[in-house]
Amino acid sequence: MLPNIDHLIFAAPTLELGMDVIEKLLGIRPIIGGQHKGRGTHNALLAFGDIYFEVIAPDPTQPDVPKPLWMKTDQATQPQLWTWAAGNSNLFELEKLANENQIPLGKIESGTRTQPNGNILKWQLTEPILENENGIMPFFLNWGETIHPSKTLPQAGEVLSFKAIHPNPVFIKNQLGKLGVNLIVEQGDRIHLEAIIRTLDGKIVQLH
């Protein structure tokens with residue numbers, strides 16, 4: 001059973017490289033999303049059912065943004081599954097839980113963006129923090145009444161499984177559980193995320 005994944009984030013040194021890698025793996029090229037103004041990054045997007053998939057990279061047109069960039073994406077030396085966001089309908093209750101359990105959580109912020117088709121997206125999120133166990137600890141999103149981005153993006157297949165690898169899986173599983181996140185966490189020396197995707201033509205692909 002999958003956790004409540006809002007979206008998966010795949011980081012690369014350049015957006016073009018990230019898009020190339022995903023197109024080769026999945027057989028479909030992500031579409032350009034836009035810039036994260038003031039954060040130094042830009043993205044391209046796809047969807048896996050109700051989950052959207054974001055390829056993110058440093059934006060060369062924003063050279064003056066201080067490092068680390070948004071979600072430390074400037075530290076991605078090769079294309080890789082970088083971090084993820086979980087859906088949550090009450091971020092203020094989540095913030096209370098995090099504080100009670102002394103779990104780092106970014107402050108709650110609101111955002112809005114007008115898509116090329118004129119649709120207005122509005123959301124709340126917990127600001128992604130840098131101390132996130134190499135991307136395993138998610139940030140959280142609430143789209144409220146906004147139509148989820150996955151509904152308007154090209155479909156690329158289905159997420160069959162999603163898990164984390166960590167040297168101390170019991171600790172991570174416990175931390176996630178206190179935030180209501182049910183993620184498989186397995187023992188391993190290298191901290192990373194893994195997702196198994198079934199593409200539109202039935203091919204099974206591993207992202208990590």
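The values are calculated or read from the model by the stated rules, or taken from the named source; none is laboratory data. These figures come from a predicted structure and were not determined experimentally. Neighbour counts are summed over all protein chains in view; Cβ atoms, including those assigned to glycine, are modelled from backbone coordinates with ideal geometry.
Considering only strands (runs of 3 or more DSSP E) fully contained in segment 133-208, which possess at least 2 residues that are without any contact (Cβ under 8 Å) to a residue 40 or more places away in the chain?
157-166, 184-187
Please go through (1) buried (at least 17 other Cβ atoms within 10 Å of the Cβ); (2) assigned to a strand (DSSP E or B) for GLY111 and return the number of the only condition it doesn't satisfy.
(1)
Find the residue count for segment 125-142, including only residues that are at positive phi and under 12 Å from the mean Cα position of the chain (by Cα).
1
Can you tell me which of (1) closer than 25 Å to ILE31 by Cβ; (2) in a strand (DSSP E or B); (3) of a type in the set (Gly, Ala, Ser); (4) free of Cβ contacts under 8 Å to residues at least 40 places away in the same chain is the one GLY118 doesn't meet?
Looking at each condition in turn, GLY118 falls short on (2).
Considering only residues that are modelled with pLDDT of 95 or more and not in a strand (DSSP E or B), look in segment 30-62 and name the one that is surrounded by the fewest Cβ atoms within 10 Å (Cβ to Cβ).
So the residue we want is THR61.
Are any residues in segment 63-81 in contact with a helix residue (DSSP H, G or I) (Cβ under 7 Å, 6 or more places away or on another chain) and crowded, with 21+ Cβ neighbours inside 10 Å, and if so, which ones?
PRO79
If you scan segment 86-104, which residues turn out to be in a loop (DSSP other than H, G, I, E, B) and over 18 Å from ILE5 (Cβ atoms)?
Taking segment 86-104 first, the residues in a loop (DSSP other than H, G, I, E, B) are 88-90, 101-104.
Once the filter is applied, which keeps residues that are in a loop (DSSP other than H, G, I, E, B) and over 18 Å from ILE5 (Cβ atoms), segment 86-104 yields ASN101, GLN102, ILE103, PRO104.
Would you tally the residues in segment 99-122 being under 13 Å from ALA85 (Cα atoms) and not small (Gly, Ala, Ser)?
1
Give segment 1-29 a look and list any residue that's farther than 17 Å from PRO154 by Cβ, part of a loop (DSSP other than H, G, I, E, B) and among the β-branched types (Val, Ile, Thr), or say none.
Correct list: THR14 only.
For segment 90-107, state whether one or more residues are touching a Pro at 6+ places or on another chain (Cβ under 6 Å) and among the acidic types (Asp, Glu).
Looking for residues that are touching a Pro at 6+ places or on another chain (Cβ under 6 Å) and among the acidic types (Asp, Glu), one finds none in segment 90-107, hence no.
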